[in-house]
1. Quick check: is even one residue across the stretch B:161-173 more than 21 Å from B:Cys95 (Cβ to Cβ), assigned by TED's automatic domain parsing to the domain that holds B:Gln107 and at pLDDT below 95?
2. Determine which single condition A:Met102 fails, assuming it passes every other condition in (1) in a helix (DSSP H, G or I); (2) more than 16 Å from DNA strand C (Cβ to nearest atom); (3) over 21 Å from A:Pro157 (Cα atoms).
3. Which residues, taken from the stretch B:31-43, are near DNA strand C (Cβ under 9 Å from one of its atoms) and within 25 Å of the chain's Cα centre (by Cα)?
4. Could you identify the single residue in A:Arg4, A:Arg65 that is over 18 Å from the mean Cα position of the chain (by Cα) and of a type in the set (Lys, Arg)?
5. Facing chain B (nearest Cβ under 9 Å), over 17 Å from the mean Cα position of the chain (by Cα) and at pLDDT below 95 - does that describe any residue in the stretch A:129-141?
6. Check whether at least one residue in the stretch B:124-142 is among the hydroxyl-bearing types (Ser, Thr, Tyr), without any contact (Cβ under 8 Å) to a residue 60 or more places away in the chain and surrounded by fewer than 16 Cβ atoms within 10 Å (Cβ to Cβ), and report yes or no.
7. Name every residue in the stretch B:1-22 that is β-branched (Val, Ile, Thr) and within 15 Å of DNA strand C (Cβ to nearest atom), in order of residue number.
8. Against the condition outside the structural domain of B:Leu142 (by TED's automatic domain parsing), part of a helix (DSSP H, G or I) and surrounded by fewer than 16 Cβ atoms within 10 Å (Cβ to Cβ), how does B:Asp68 come out, does it pass?
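The values are calculated or read from the model by the stated rules, or taken from the named source; none is laboratory data. Every value quoted in this text rests on a predicted model; they were computed, and no experiment measured them. We place every Cβ from the backbone using ideal geometry, glycine too, and count neighbours over all the protein chains shown.
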Number of protein chains: 2
Amino acid sequence: MRLRDENKELAIREKALEMIVKEGFDGLSMQKLAKAAGVSPATIYIYFKDRDDLIMQIFETENARMADITLDGFDPEMHFEEGLRIQWMNRARYCLENPERMHFMEQIRYSPFHERLQGASKSTFIHAMRTWAQHAIARGELVPLPMEVYWSVAFAPLYQLVKFHMSRQGLPGSKKFTLDEPIMNQTLELVIKALTP
Amino acid sequence: MRLRDENKELAIREKALEMIVKEGFDGLSMQKLAKAAGVSPATIYIYFKDRDDLIMQIFETENARMADITLDGFDPEMHFEEGLRIQWMNRARYCLENPERMHFMEQIRYSPFHERLQGASKSTFIHAMRTWAQHAIARGELVPLPMEVYWSVAFAPLYQLVKFHMSRQGLPGSKKFTLDEPIMNQTLELVIKALTP
DNA sequence: CAAAAATAAACGAACGTTCTTTTATTATCC
DNA sequence: GGATAATAAAAGAACGTTCGTTTATTTTTG
């Protein structure tokens, strides 16, 4: 029996992600992907059921990677401000060090694929975030809010900053925008001001 | 000479938008679109140069519509809080009344199409926003900030709320989330707290 | 009737996927 | 321990279909 060459699967995954980011979903064709990854089209179907399965599997992998990085050094028992700061740093690190993967995730998130994947998301991650917020509220470090309101204020500004950074031009008419640590801290202070009693 | 039937062009645009929202970019085929719009495939090419041109023209139209609604009742000379409140209401109104169009815009915004369209965006809109913010800073109603930081805190939370609303489920594990006026005001208050001195 | 809109039909190219064959690797046997 | 059978990976070529677009023709209307 012949063993699978895991480099092949990896090459397929990486090239597929790259093609989607560069050319969008209609830019990902199985034959072009096979050529780019240096395999036969049929080989792709050894590792993945079909085109959709390929895309979904890549998404799952990236989702897990993102969750891992986000929770690095984080503890749900942390004080609110410390936890928020760690999460911002972790998320920013992921986004800035993996711009291509980040772009892929966003493209999925706003495509019809996403609703097919909603249920599969890691609930342990969400659970950790939820208990952390609840503890912070109980300790009086965070104003009591519906989770969605809290989440929107706490993290959406960060992702908007990342988007400005990745578009390499900020708002039209501005000079180029770079998301550095002073900018991030400045924004984080505003968010903390909004969320602490 | 025969005149163009503007209903045909409209039908093409509407059906194209609908198909992209429902099935993504690879779900938009010219032949299926022609059938859906009740015209011949060749007719589409009377109104649009090619597939890309069709998508871009729809985007331009929707962009203009969005900017119009956003600026409804808005004046760059307004006080900061009043201006922000009007903009939030306008944007929310657009998003909630046109979920399909909103979804289309987001799909474009996160696709490779978007970078081809960056330059074409309405600069009068951005200009109005910029002078409004600058006046507010001069009057001491708004803390001085880089435009990107300000924008991220001022509007990103609203769009995140809209996204929760449109996904019809909020955060995993929560009950269904509906963006109503109390929720919006509550979030807006937090944002104002962050941005005012 | 002139001219542009609108169509039906067709073009080659590219699509996702599969069929058939070959290649590489492990386990088995003498 | 070398030959060989067994098996799955991998490849190449091809499948029928659908793609975006165009051509040739007809229909409509100023």
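1. Within the stretch B:161-173, one or more residues are more than 21 Å from B:Cys95 (Cβ to Cβ), assigned by TED's automatic domain parsing to the domain that holds B:Gln107 and at pLDDT below 95.
2. All conditions pass for A:Met102, except number (3).
3. B:Ala37
4. Only one candidate qualifies: A:Arg4.
5. yes
6. Yes - at least one qualifying residue is present in the stretch B:124-142.
7. Selection gives B:Ile12 alone.
8. Taking the combined requirement at face value, the residue does not satisfy it.
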